[in-house]
Each structure stands twice: as C-alpha cells, then as structure tokens.
Amino acid sequence: MSPQPLPRSSASAVSRAFYLDASALVKRYVAEIGSAWVTVLCADANALGIANIGIVEVAAAFAAKRRGGFITTEEYDGLLTDLLRDARERYRLVPVGPALISSAIRPTRQHRLRGYDAIHLARALSLNATLIAGNAAELIFVAADANLLAAAQAEGLATENPNERA
C-alpha cells in the first residue's frame with residue numbers, strides 16, 4: 001500500500017511547516033503504523049521543526065527497542081547515527097529554555113499531558129504564532145499520541161496523526 005498524500009490546504013505541503021513530536025519522528029526510523037507517511041513527509045516538507053529534547057526522546061525509544069530485543073545493537077547504532085545526522089542536516093531543532101518551560105505548565109492544567117508532551121505543545125504553539133505573525137501558513141502539528149493531539153487541537157493547532165495515514 002502506498003503512503004497517503006500529505007495534508008493539503010490553501011498552501012502546498014512543501015510550503016507548510018510541520019512540527020513533529022517524538023511519537024511521530026520515531027516512525028521515520030523504525031517501521032510502525034504510519035512510517036511510510038512520515039517518511040514521505042520528511043522527504044517532501046521544507047520545514048520540519050523538532051524540539052531539541054525530541055532527539056533525546058527518539059534515541060531513548062531506539063534504546064528501549066534494543067533492550068526489548070526488537071532491534072540489534074548494530075541496528076540501534078545505525079538508527080542513532082541516522083537520527084543525529086538528520087538532526088544536524090535536515091531538521092530545524094528548536095531550543096527549550098526557561099521561558100518555554102514556564103509556558104508549558106499552563107496546558108498541563110487543562111489537558112491530559114505528560115511533561116515532555118506539554119513542552120512539545122508549547123513549542124509548537126510558539127512556532128505557530130511566529131509563523132502566523134509573519135503571514136506564513138499555519139504550522140501542522142504531527143504526533144501519534146491521542147491525548148497530545150486532542151490538546152493541540154483544543155489549543156487551535158492543525159494536526160495530523162500518522163497512525164491514521166497507514
């Protein structure tokens with residue numbers, strides 16, 4: 001089955017900015033439901049925002065798969081090498097600082113979020129506000145976590161769930 005097309009609206013997918021949390025980004029490297037769609041997105045989109053902490057989360061997911069016997073040590077090493085190369089060359093890594101940490105607290109009061117998910121949401125909201133202020137198309141928030149997607153939608157973000165793009 002070929003991957004479904006990328007999301008379209010008034011602007012083409014390649015002119016849109018996407019923010020991927022770790023649950024979506026890991027699909028680029030490990031075959032899971034939605035991996036083909038994420039792979040196409042990562043190849044076609046010109047702006048992929050990822051919080052720098054997301055790289056650690058994805059590396060931890062690889063390590064868990066290695067410990068669980070789902071991948072070998074050699075596969076883990078290759079995945080980590082690919083992730084770190086892409087982080088340097090392909091992704092727009094966005095920092096997480098004290099101001100963002102403070103702004104990430106608010107959504108935890110209103111939505112069912114884990115700590116890093118709240119940080120991803122706050123970072124995406126901040127990036128989206130910057131894009132809109134610059135008259136760019138709104139950000140599309142990509143995650144494979146139902147609670148996080150529900151919170152993002154409630155906060156006004158456009159969302160995509162790669163698990164629904166299998």
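Is it true that G78 is surrounded by fewer than 19 Cβ atoms within 10 Å (Cβ to Cβ) and of a type in the set (G, A, S)? Give the derivation first.
Values: surrounded by fewer than 19 Cβ atoms within 10 Å (Cβ to Cβ): yes; of a type in the set (G, A, S): yes.
Here the answer is yes, as G78 does meet what is asked.
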Just need a number here: residues in segment 123-137 that are out of contact with any Asp or Glu (no Cβ under 7 Å at 6 or more places or on another chain) and within 20 Å of P107 (Cα to Cα). 6
So, in segment 21-58, of the ones that are out of contact with any helix residue (DSSP H, G or I) (no Cβ under 7 Å at 6 or more places or on another chain) and crowded, with 20+ Cβ neighbours inside 10 Å, which residue ends up modelled with the lowest pLDDT? L41
Go through (1) within 15 Å of Y29 (Cβ to Cβ); (2) surrounded by fewer than 21 Cβ atoms within 10 Å (Cβ to Cβ); (3) under 17 Å from the mean Cα position of the chain (by Cα); (4) of a type outside the set (F, W, Y) and name the single condition A64 misses. (3)
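For the structure I just gave you, tell me whether R106 is within 17 Å of the chain's Cα centre (by Cα), at negative phi, of a type outside the set (G, A, S) and at pLDDT below 95. Explain how you work it out, then say what you get.
Numbers: within 17 Å of the chain's Cα centre (by Cα): no; at negative phi: yes; of a type outside the set (G, A, S): yes; at pLDDT below 95: yes.
Criteria not met by R106.
Scan the strands (runs of 3 or more DSSP E) fully inside segment 76-166 and keep the ones with 3 or more residues being closer than 14 Å to G54 by Cα and in contact (Cβ under 8 Å) with a residue 40 or more places away in the chain. Explain how you work it out, then say what you get.
Details: elements: 92-94, 140-142, 158-160.
Here the list reads 92-94.
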So, of the residues in segment 59-92 that are in contact with a helix residue (DSSP H, G or I) (Cβ under 8 Å, 6 or more places away or on another chain) and of a type in the set (K, R), which turns out to be farthest from V40 (Cα to Cα)? R66
If I filter segment 64-71 for residues that are in a strand (DSSP E or B) and among the charged types (D, E, K, R), do I get at least one hit? no
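The values are calculated or read from the model by the stated rules, or taken from the named source; none is laboratory data. Everything numeric in this text was worked out from a predicted model, so none of it was measured. Heads up, the Cβs are rebuilt from the backbone with ideal geometry, glycines too, and the neighbour counts pull from every protein chain shown.
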